[in-house]
Amino acid sequence: MTVSAVAAEKVDRLDIAGGAVLISATTEYNQKWAGMLLLDGSTDMGWCSKKGSPYPNTFLIELPRNIALKSLYIDNTNAQESSNPGISARRFKLSVSNSSAKEGFTPILEGEAAKGERKGFTIQRPVPGQWLKLEVLSNWGDPQYTELMELEAYGEPVGTAASPKPVRGVYDTNYNLMWLQQSGSQIEGCYDWDNGRLNGTTDGRVIRFQWTEDGPQIGSAIMVLTSDGSYLNGLWYENGRYQGLWYGTRVTDGRKPGCRQALDSGTKDAIGRSLDELGRAIIYGIYFDYDKATIRPDSEETLNRILKAIKARPDVKLVIEGHTDAHGSDAYNQTLSDKRAQSVVNWLVSHGIAKEKLRAKGFGESRPVADNSKPDGRALNRRVEIAIDK
C-alpha cells in the first residue's frame, strides 16, 4: 500500500470540514439535537429523534466524491444513559450509492452499536459511492427517544472528483433569502435577517465565512454545498459557541433577497465594510505551509482584498491578528500566530502599505470563534483578523 493510500484511510470521510453534508433526516428533535451534528467530529452534541418516531430513523449523507469505505464507527458516547437508559442507537444498516441520493443503494453493512460507547465495524466488501444511507433500526430499550452522537467512516477515494458547481446564487434558507457572490475562491453576500452580511472563502464545496448583523453582532459559519449545487447545510457560531444550523435550497424561480439592492447600492468592499461597521474583520483564505509562517501562493486573492480595503482607508491604522486552533501547546500556538501575523504584515508592506500603519499581534488559541473540539470549529478558528488599532 502506498503512503498516500495509508494517509487517505486515516481521513474521516464524515466530517463537515472535509465536505460531508447531511441531505436529510427522517426525524430530528431540534437544532441542538440534529442529524448534521453527527458529522461535526465530536460527541459533545449529537442527534436525537422526536418523541415516538417510528423506525427506521434514516439519514442521507453526501460525500464530496466517490469513496470506497472500509470501516464505519458508530459513537454513542455521551448519549443520555443516566437519565434515559437504553436511548442509544442499536441495530443499523448502511447502504451506498454512486448514482444519486434517491436511488441505486447497495447495502454494505449491518450491525449492532454499543450502548453508550464507540464501536467500529469493518466493511468486508467496499463498494464505491458518494451517497450514504444510514438506517437506525432500534435502540437499547428507551420507549420514546433514540440518540446517536457521532459517525466516522474511513476509506479511499475512487476515480476523479467532479468539478464543483458555482456557489454563487440565491438560496432560500432558515434565515430567509441569502445571496452569494463568488470571485474565484472569494465569497461575499447578504441575507434578509437583521441586515445580514457575510464574506469568506470556498473550495467549491465547503464555505467558511464571517457573518455580521445589526446589533452589532458578528460570528462565523461553515456550510457545505451539495455536488449538484442545489442545497447548502452547515453550522453557525457566535462568541465561540455553536448556535444552530444554517441550511437552504437554491432558488430557481427568480426571487431575490431585499438585501441585494442595499448591497449593490453601497460599498462592494465586504472587508472594508466590516471594518467601518464593527472595527474588525475575520479573514478566511490566507493559507500557510503546515506548522510554518510561510504564506502559500493560493492566499494571493484574499491578500489583495485586504490590500484594497486598507488603501481605501489611508488614515486608519490596523492590527493584523493571527489565530490558531488548539492543536499543540499554548506556547507553540502563540509563537506560530505571532509569526504568521508578521508574515501578513510583511506582505502588505511589500505591496505598498506604510510600515507604521500596521502592527502584528498573535493570539494563538486564546480567542476561538468556534469549538476547538470539532474539526469544523478548528477550521473556523484558523484565521487572520484585521482590526482598527485604537
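What are the residues in the range 175-188 that are closer than 17 Å to residue 306 by Cα and in a strand (DSSP E or B), if any? Explain how you work it out, then say what you get.
At the first step, the residues of the range 175-188 found to be closer than 17 Å to residue 306 by Cα are 182-188.
The answer is 182, 183, 186, 187, 188.
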Residue tally, condition farther than 20 Å from residue 270 by Cα, in contact with a helix residue (DSSP H, G or I) (Cβ under 7 Å, 6 or more places away or on another chain) and not in a loop (DSSP other than H, G, I, E, B), over the range 292-312
1
Within the range 197-239, the residues that are part of a loop (DSSP other than H, G, I, E, B) and either more than 14 Å from the chain's Cα centre (by Cα) or among the basic types (Lys, Arg) (or both) are 205, 214, 215, 216, 227, 228, 229, 230, 239
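Mind telling me which of the residues 346, 372, 333, 381 ends up being surrounded by 16 or more Cβ atoms within 10 Å (Cβ to Cβ), without any contact (Cβ under 8 Å) to a residue 12 or more places away in the chain and not basic (Lys, Arg)? So that I can check it myself, show each step before the final result.
Working: 372 fails: without any contact (Cβ under 8 Å) to a residue 12 or more places away in the chain; 333 fails: without any contact (Cβ under 8 Å) to a residue 12 or more places away in the chain; 381 fails: without any contact (Cβ under 8 Å) to a residue 12 or more places away in the chain.
Only one candidate passes the filter, namely 346.
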Restricting attention to the range 307-315, does a residue exist that is surrounded by fewer than 22 Cβ atoms within 10 Å (Cβ to Cβ), of a type outside the set (D, E, K, R) and in contact with a His (Cβ under 7 Å, 6 or more places away or on another chain)?
yes
Given (1) over 23 Å from residue 276 (Cβ atoms); (2) touching a Phe, Trp or Tyr at 6+ places or on another chain (Cβ under 7 Å); (3) not β-branched (Val, Ile, Thr), number of the condition residue 383 does not satisfy:
(1)
Those residues of the range 313-330 which are assigned to a helix (DSSP H, G or I) and free of Cβ contacts under 8 Å to residues at least 12 places away in the same chain, in sequence order
none
Is there a residue in the range 287-306 that is in contact with a Lys or Arg (Cβ under 8 Å, 6 or more places away or on another chain), more than 16 Å from residue 343 (Cβ to Cβ) and not assigned by TED's automatic domain parsing to the domain that holds residue 222?
no
All positions within the range 132-150 that are of a type outside the set (Lys, Arg), surrounded by fewer than 23 Cβ atoms within 10 Å (Cβ to Cβ) and outside any loop (DSSP other than H, G, I, E, B)
135
Looking at 220, 185, can you tell me which residue is surrounded by fewer than 22 Cβ atoms within 10 Å (Cβ to Cβ), among the hydroxyl-bearing types (Ser, Thr, Tyr) and touching a residue at least 40 places away in the same chain (Cβ under 8 Å)?
185
Can you give me the ranges of the strands (runs of 3 or more DSSP E) entirely in the range 1-112 with at least 3 residues that are free of Cβ contacts under 8 Å to residues at least 24 places away in the same chain, assigned by TED's automatic domain parsing to the domain that holds residue 123 and surrounded by fewer than 22 Cβ atoms within 10 Å (Cβ to Cβ)?
106-112
Residue identified as closer than 24 Å to residue 32 by Cβ, within 23 Å of the chain's Cα centre (by Cα) and at pLDDT 95 or above among 148, 69
148
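Out of the residues in the range 348-366 that are of a type outside the set (A, V, I, L, M) and in contact with a strand residue (DSSP E or B) (Cβ under 6 Å, 6 or more places away or on another chain), which is nearest to residue 220 (Cα to Cα)? Explain how you work it out, then say what you get.
So the first thing to find is which residues in the range 348-366 are of a type outside the set (A, V, I, L, M), and the list is 350-352, 355-357, 359, 361-366.
Keeping just the survivors that are in contact with a strand residue (DSSP E or B) (Cβ under 6 Å, 6 or more places away or on another chain) gives 359, 361-363.
Details: 359: 24, 361: 21, 362: 19, 363: 17 Å.
Among those that are of a type outside the set (A, V, I, L, M) and in contact with a strand residue (DSSP E or B) (Cβ under 6 Å, 6 or more places away or on another chain), it is 363.
The values are calculated or read from the model by the stated rules, or taken from the named source; none is laboratory data. Treat the numbers as computed from the prediction; the structure is a model and nothing was measured. When we count neighbours, we look across all protein chains shown, and the Cβ atoms used for this are built from the backbone with ideal geometry, even at glycine.
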